[in-house]
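Report on one structure; see the data block that follows.
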Amino acid sequence: MNPDIKRAETEAMQIVGLLTLEEKFQLLTSPGYRRLYSTKPIKRIGVPSFRMTDGPLGVAMHSSGLTKCTRFPASVSLAATWDRSLAEAMGSAIAEEVRAVGRHMVLAPGINICRTPLCGRTFEYLGEDPFLTKEVASAFVRGVQDRGIGACVKHFAANNQEIDRTSASSEIDERTLHETYLRAFESVVKEAQPWSVMAAYNKLNGVYCSENRHLIREILINKWGFNGFVMSDWFATRPIKTTAQCINAGLSLEMPVPSKYKHKLLDASIRAGEFTEETLDDLVYRLVRVMFLSGAFSNGPVTSPAASNTQGHRDLARRIAEEGTVLLKNEDKLLPLQMQDLKKITLVGPNLKKKYGRFLSGGSSAAVPPYEITPLLGLKEKLGGKVEITGNVERADVAIVFVGLDHKKGNDSETADRSILELPSSQVQLIRNTVELNPRTVVVVMAGSPIGMQEWIDGVHSVILPWYPGMEGGRAIANILFGDAEPSGRLPLTFPRRLSDSPAHSTGSPRTYPGDEQKRVFYDEGIFVGYRWFDQRRIEPLFPFGYGMSYTEFSFNEISSDRESLAGPIDKVTIAAEVENIGEVKGTQTIQVYAHAEEPSVERPPSELVGFAKVSLKPSERGKALVDVNAADLAYYNADKHDWQIDQGSYQLLVGTSSRMLPSKIDIQVR
Ligand code: BGC
């Protein structure tokens, strides 16, 4: 074991041994309303306050002593990079800023699976696929924790809508729960050992997550071996009935103020024998252990503003924005624009000058940067006065329309879901009017969740999706539009043509969304979420999972694997895909591998993502993408055995560039 961890564990044990019962109670919650992101110090024996800050888009202002920090692109944009090293770098950069504001833990990453495209927090999560989610999230957690700061993976679990989030119950069968909604949590816990997990607001199968013994104690702690601590989401414990239930479930920290963990209640409950001191000690130990790991005992709340918002962090934010941008459509290769061919350009739309990093705007992601480059600023900087910006659309060489959403309630934001899949009708009208006056129109969609585009997409030449690109977003967008950066993002979620095409909305019944009269939301579609649903039902999406164009073109020359069979759950096969850049500019391709079970013992999705790798090539250059596929990722969850199972037999590994573009295959036997 890592000696630092061992030392932290020994020291934490000693501290627990020194605490009185009352002090243990005090450690389970915050000092009250004035310190909403800290725990109470125990001065008698030198236990400091453990201090947290919100994420995941950066250090959020409301929880960091009002400090302005780097605002990174939205999590969904990070997922769209399909880039583990960028995720790790973003985690490290955020950790440095967390330390710089004197905190010990960031409340990130958010890894709930996108079940409905309307969910208000899709932008804070990593898409619809458990494999992609866990790959990005594990790298992020490693990046954070390698810097000695804690990561808190949230929201555990099945918090897939914002409507009624504090009262609704997600009703999910065992296989679906594990295979779809817990799978990424399980992998991140096992692969990256996050120091904390945040229990979600909602109920899972009738029991609130913060008091859900089955979820926390039995699955997370006992089955997966989680050794960090569990905290509640903010005020999530209010509707819960008993204190003992939370303690016995395994909830270490009730945030942000005591409700179930009031001294009087804890005292009465332990006296009544509803929980043991041994159970309490374990909860306290878990928290104190992380205090040691994060340096809370040694570092104290030292702030060092110079480590915040460094040039390096801004550059990283811009790179993620660029690499996460998805080129959705590009007729006649209108993009990238050539500066020398332009005399006049029209820039319009409600998102042209919009800033997203505002105080408390959107919820936990409200990182407020010291400045924010809007698309207009970024483009002015790029054009450098050489091209005239004109309001005369007809006369312009190209028109760029900036549309999308923002973090107002009812858009991409906490506490509410969107009400429609499409853009507001005024924006649709604006796109149509612009196209009518000038067919050379580019649409830039700034949003954090799938957008319906049926009404207008046929008329426009090019569409890019920079999501919410963070404080350097305007520069990233300008770089992409003019080809100084390539849009190498791939969709981490399916874009449906219409809402009723997506699983939670297919029946139109409140039973599946947003819930029946008793606020139960039945996940009737089971494991068929995201592309698994579209593939199984043969529904043509507007844009499939994994999709994204490039400014160049690629050919696949040869696909091979280093073996033909897999012998057990820890075995793996490596797929080598030879790719050639046959276009004129350099570019990056993301090779994706999906598994199809040929003789499944239970119904399986037609194909599931099991591996990916990126390869960057200059024109005419050939390169190999090496994709590891682990046998464990071929498993399904067997509800009778309450465990993962890998069927023996034949599998096809389908190789290509999106969930719907899989031209090559490799046969593999599992023995
Ligand atoms: C959110 C969490 C967040 C917490 C603290 C809650 O409303 O759901 O994601 O970390 O507030 O601000």
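The values are calculated or read from the model by the stated rules, or taken from the named source; none is laboratory data. Bear in mind the structure is a predicted one, so any value in this text is a computation, not a measurement. Quick reminder, even Gly has a Cβ in these numbers, built from the backbone with ideal geometry, and neighbours come from all protein chains shown.
Observations
- Summed over the range 428-453, the residues that are touching an Asp or Glu at 6+ places or on another chain (Cβ under 9 Å), within 23 Å of Lys355 (Cβ to Cβ) and touching a residue at least 40 places away in the same chain (Cβ under 8 Å) give a count of 5.
- Residue in the range 220-243 that is among the acidic types (Asp, Glu), within 16 Å of the ligand (Cβ to nearest atom) and modelled with pLDDT of 95 or more present: yes
- Restricting attention to the range 34-69 and to residues that are within 12 Å of the ligand (Cβ to nearest atom) and more than 16 Å from Arg99 (Cβ to Cβ), the residue that is farthest from the chain's Cα centre (by Cα) turns out to be Leu36.
- Any chance Tyr208 is of a type in the set (Ser, Thr, Tyr), within 16 Å of the ligand (Cβ to nearest atom) and more than 21 Å from the chain's Cα centre (by Cα): yes
- Where Leu265 falls short, out of the listed (1) surrounded by fewer than 24 Cβ atoms within 10 Å (Cβ to Cβ); (2) modelled with pLDDT of 95 or more; (3) outside any helix (DSSP H, G or I): (3)
- Scanning the range 134-155 for residues that are of a type outside the set (A, V, I, L, M), within 16 Å of the ligand (Cβ to nearest atom) and either in contact with a Leu (Cβ under 7 Å, 6 or more places away or on another chain) or more than 27 Å from Phe545 (Cβ to Cβ) (or both) returns Gly150, Cys152, Lys154.
- Residue pairs whose Cβ atoms lie under 7 Å apart, separated by 6 or more positions or on different chains, with the first residue in the range 3-20 and within 15 Å of Ala296 (Cβ to Cβ) and the second part of a loop (DSSP other than H, G, I, E, B) and hydroxyl-bearing (Ser, Thr, Tyr), do not occur.
- Going through (1) closer than 19 Å to Ala366 by Cβ; (2) hydrophobic (A, V, I, L, M, F, W, C); (3) not in a loop (DSSP other than H, G, I, E, B) one by one, Cys119 falls short only on (3).
- Checked against (1) within 26 Å of the chain's Cα centre (by Cα); (2) crowded, with 24+ Cβ neighbours inside 10 Å; (3) at negative phi, Ser500 meets all criteria but (2).
- Residue match in the range 168-181 (condition: closer than 28 Å to Thr494 by Cα, within 15 Å of the chain's Cα centre (by Cα) and more than 13 Å from the ligand (Cβ to nearest atom)): yes
- Criterion (more than 14 Å from the ligand (Cβ to nearest atom), buried (at least 24 other Cβ atoms within 10 Å of the Cβ) and either of a type outside the set (A, V, I, L, M, F, W, C) or closer than 14 Å to Arg318 by Cα (or both)) met by exactly one of Ala79, Ala87, Ala95: Ala87
- Taken together, Pro350, Pro336, Pro369 contain a single residue that is in contact (Cβ under 8 Å) with a residue 60 or more places away in the chain and buried (at least 21 other Cβ atoms within 10 Å of the Cβ), which is Pro369.
- Hits in the range 297-318 (condition: buried (at least 20 other Cβ atoms within 10 Å of the Cβ) and at pLDDT 95 or above): His313, Arg314, Leu316, Ala317, Arg318
- Cβ-Cβ under 6 Å pairs, at least 6 apart or on other chains, the range 244-256 side farther than 16 Å from Leu107 by Cβ and free of Cβ contacts under 8 Å to residues at least 40 places away in the same chain, far side of a type in the set (A, V, I, L, M, F, W, C) and within 16 Å of the ligand (Cβ to nearest atom): Gly250/Val230
- The range 101-116, subset at pLDDT 95 or above and small (Gly, Ala, Ser), residue nearest to the chain's Cα centre (by Cα): Gly110
- Taking the conditions (1) part of a helix (DSSP H, G or I); (2) under 24 Å from Ile94 (Cα atoms); (3) not charged (D, E, K, R) in turn, Asn309 satisfies each one other than (1).
- The lone criterion from (1) surrounded by fewer than 15 Cβ atoms within 10 Å (Cβ to Cβ); (2) within 16 Å of the ligand (Cβ to nearest atom) left unmet by Arg271 is number (2).
- Lone qualifier among Ala631, Ala639 - being at pLDDT 95 or above, among the hydrophobic types (A, V, I, L, M, F, W, C) and either touching a Phe, Trp or Tyr at 6+ places or on another chain (Cβ under 7 Å) or closer than 19 Å to Ile570 by Cα (or both): Ala631
- Within the set Ala199, Ala192, the sole residue that is more than 16 Å from the ligand (Cβ to nearest atom) and of a type in the set (Gly, Ala, Ser) turns out to be Ala192.
- Qualifying residues in the range 527-575 (those that are assigned to a loop (DSSP other than H, G, I, E, B) and among the hydroxyl-bearing types (Ser, Thr, Tyr)) - the one nearest to Leu421 (Cα to Cα): Tyr547
- Residues of the range 352-367 classified as among the polar types (S, T, N, Q) and more than 11 Å from the ligand (Cβ to nearest atom), total: 1
- Only listed residue being more than 16 Å from the ligand (Cβ to nearest atom) and within 18 Å of Phe482 (Cβ to Cβ), chosen from Pro450, Pro370, Pro375, Pro439: Pro375
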